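The values are calculated or read from the model by the stated rules, or taken from the named source; none is laboratory data. Source: prediction; values computed, not measured. As a convention, Cβ positions derive from the backbone with ideal geometry for all residues, glycine included, and neighbour counts pool all protein chains shown.
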Amino acid sequence: MSRSVLVTGGNRGIGLAIARAFASMGDKVAITYRSGEPDALQQEGFLAVKCDITDAEQVEQAYKQIEEAHGPVEVLVANAGVTKDQLLMRMSEEDFTSVLDTNLTGTFRVVKRANRGMLRAKKGRVVLISSVVGLMGSPGQANYAASKAGLVGFARSLARELGSRNITFNVVAPGFVDTDMTKVLTDEQRTSILSGVPLGRYAQPEEIAAAVRFLASDDASYITGAVIPVDGGLGMGH
Ligand code: NDP
């Protein structure tokens, strides 16, 4: 069965690996991108839709395009996210609110719009990409951690609100993954992070994608409101 899948921020990193995981099962996969050229993504078979999730109108237009091409979104993976790290005393209000606006409110925008079709269909799967940092905290990442922790309360509220409509809401909490987002870390920071990871290495994006694909599959039909860590053991106990 070929489902209509949307992965926000599916043009690179973890999002691209997730998009590929669904495409490999024959799903119709739409991805959003903000930057770069979508040609290569389109050649790969994705419907690439330009969309900044901080803009409600762009979100609405993206859904219209996707619905026309693939039908209503049946599986939504809210993956798009940003960091703007800074110690609290140097963190501006803009540093804080802009990260919240993308990671948390942006997720609200795309989830709310997807639910229109899911309610009509009386089924749906929503997976939110949080972070181990949202559960453990991290110095210099108060804005990011707050946004990622917020996703847990958001998903669990919706799991309760919409469970009777056969829509599941789950959260995947990756640890450190080899992508552009973590390339900015210094060797010293990398070594220090790895010392806390029982598996002793970063994740590959495909290892996050595997958990997301599972949560959207029939095998996960009775899982909702769950937070699945994919972090090499870094956050154990949270
Ligand atoms: P990248 O920085 O490689 O990619 C981020 C993606 O989000 C890009 O596709 C980017 O689009 C998109 N994006 C950012 N802001 C917006 C916006 N306003 N509107 C639409 N799209 C946007 O990050 P990763 O692949 O590493 O991260 C993906 C997700 O996983 C994020 O939510 C991140 O917080 C989370 N995560 C990552 C971890 C890691 O170690 N890498 C660990 C734990 C969680 P564009 O290319 O146009 O900028």
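Within the bounds of segment 22-35, is there any residue that is under 23 Å from residue 106 (Cα atoms) and in contact (Cβ under 8 Å) with a residue 60 or more places away in the chain? Yes. Of all residues in segment 30-43, one or more are at pLDDT 95 or above, within 11 Å of the ligand (Cβ to nearest atom) and polar (S, T, N, Q).
In the set (1) at pLDDT 95 or above; (2) over 17 Å from the mean Cα position of the chain (by Cα), residue 188 fails one condition alone, (1). Note on segment 1-24: residues that are polar (S, T, N, Q) and more than 9 Å from the ligand (Cβ to nearest atom) amount to 3.
Scanning segment 73-82 for residues that are away from the ligand (no atom under 16 Å from the Cβ), out of contact with any Leu (no Cβ under 7 Å at 6 or more places or on another chain) and not hydroxyl-bearing (Ser, Thr, Tyr) turns up at least one hit. Tallying residues that are in contact with a strand residue (DSSP E or B) (Cβ under 6 Å, 6 or more places away or on another chain) and in a loop (DSSP other than H, G, I, E, B) within segment 1-59 yields 9.
Yes or no: segment 116-126 includes at least one residue that is within 15 Å of the ligand (Cβ to nearest atom) and either aliphatic (A, V, I, L, M) or within 17 Å of the chain's Cα centre (by Cα) (or both). Taking every residue of segment 116-126 in turn, at least one turns out to be within 15 Å of the ligand (Cβ to nearest atom) and either aliphatic (A, V, I, L, M) or within 17 Å of the chain's Cα centre (by Cα) (or both).
Here segment 35-55 is the region considered, the condition is being aliphatic (A, V, I, L, M) and buried (at least 16 other Cβ atoms within 10 Å of the Cβ), and the residue that is farthest from residue 70 (Cα to Cα) is 53. Looking across segment 127-146, the residues that are within 11 Å of the ligand (Cβ to nearest atom) and free of Cβ contacts under 8 Å to residues at least 60 places away in the same chain come down to 128, 131, 133, 134, 138, 141, 145.
Of note, residue 109 satisfies the criterion of being surrounded by 17 or more Cβ atoms within 10 Å (Cβ to Cβ), at pLDDT 95 or above, of a type in the set (Lys, Arg) and within 13 Å of the ligand (Cβ to nearest atom).
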